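Remarks on the structure that follows.
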Amino acid sequence: MASQTQHTQEGSQARVDQYWMSQALDLARLAIGRVSPNPAVGAVIVRDDCLVGAGYTETPGQRHAEIVALDEAGDLAAGATMYVTLEPCAHHGRTPPCLDSILRAGLARIVIAVRDPNPLVNGRSITALRESGIDVEIGPGQDEAIQINAGFFRRLQTGKPEVHIKYAMSLDGKIATHTGHARWITGSEARRQAHIIRDQSDAILVGIGTVLADDPLLTVRVTDSDAGAGGPCHPFRIVVDTHARTPVASAMLDAEAPGETLIAVSELAPQERVEALQRTGAETLTVPTRDGRIDLPALLDCLGARGFNTLMVEGGAGIIGSLADEGLIDRVTAFVAPVLLGGQGAPSPIAGAGVSEANDGLRLVYPTVNQIGRDVCVAGYLTGRYPDERLLVCSPG
């Protein structure tokens, strides 16, 4: 009977932990795309079954989620339980270690969704918390916590941001008609979801071909209810432009265009073109070349060094094909419209050299399929890209 009672109590506590951790995870999602190079973290503090503090990671240099929650809780944190989606930091960065504030607050228990893989943390906080007498539980909400910060984990693992390609195509695999017309293959619901993905991305990358053909603005157009913390957040725009051919009159370079733009050029670019781009307010970055084109692994290393966790790639087919050929794609979101376009010359979403045999194709692990309006969204991660692929089950965004 005692064993059965203990089992019931443990089950009840697990349900309570899952409930409050879900609140912390919802807060963490509000920070996605806004806090790089930091991870997006949420935290809540509970005392006597009541929420007394809550918060999510603020912009770099500002408070981490745990500090926001502790500040809100004040003296009520003593003897309470904190639920946090990632192991608290134990090192000095732009802010002091969260671990120190947690220890001073007098918490009785802390529930952590997942260990921080950062070598400066990676279990140090967990050990220190336990040695101080705080009861530490690890694991509730782990799957969702890893999904939220997959880009952060990927950058720590490789030094490069997570490369997330997104495209919309017809049922027969075309991204435009044979004349080049592409508006609109997918419906308004799918386009809205694509902008939500932009809102959650640190940076968005296109090739010079897309700039010359479409003159895109590459901003986020969503309502406040669809956006994360603080309303719509425009990702850092990046153009791969070996010869600095981006027109100075491009929409994204307009002084009124929200967000920042970086043009990745090479040493082959004429200096006068580079300087003309700089005069628009755009930043230029000279990247090494390989076979006469910008070396994409080198570019990704530069972006990782700058602290970008997630990079959304919207095309064109040449850039995506090159990333695929180099084995640099981590994540895929494809919107498929129930329409047939035909046309032997109509473009597909991925060019490049491709593979020789079908079995050598890049395969998604645990893909998800969701209907969005009249269209279908297929999303997933590529095999072999993450330490624990079981946990990477994609949602449409």
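General observations
- Looking at the chain, the DSSP beta bridges with both ends there are about 40 percent antiparallel.
- Dipole-positive endmost among GLY53, SER250, ILE110 within the chain (Cβ charges, Cα centre): SER250
- The residues of segment 197-287 expose, per residue, 43 Å² of accessible area to a 1.4 Å probe.
- Summarising the overall dimensions of segment 276-392 from its C-alpha atoms, the Rg and Dmax are 17.0, 49 angstrom.
- Helix-only CD estimate at 222 nm, as mean residue ellipticity for the chain, using -39500 (n - 2.57) per DSSP H run (n ≥ 4): -9000 deg cm²/dmol
- Rounded Å value of the spacing that divides the Cα centres of segment 144-188 and segment 212-232: 15 Å
- Estimated dipole of the chain in Debye, rounded to 20 [Cβ of Lys and Arg +1, of Asp and Glu -1, Cα centre]: 400 debye
- With 0.36 nm allotted per residue and the present C-alpha distance subtracted, the ARG15-ARG109 stretch has 32.2 nm of extension available.
- DSSP loop GluC sites (Glu not before Pro) with at most 15 other Cβ within 10 Å: longest gap in the chain: 1-255
The values are calculated or read from the model by the stated rules, or taken from the named source; none is laboratory data. Computed from a prediction, not measured in an experiment: that's the story for all the values here. Backbone-built Cβ (ideal geometry, glycine too); neighbour counts: all protein chains shown. Protein only, heavy atoms only, side chains kept; ligands, DNA and RNA dropped before computing areas. Shrake-Rupley method; radii C 1.70, N 1.55, O 1.52, S 1.80 Å.
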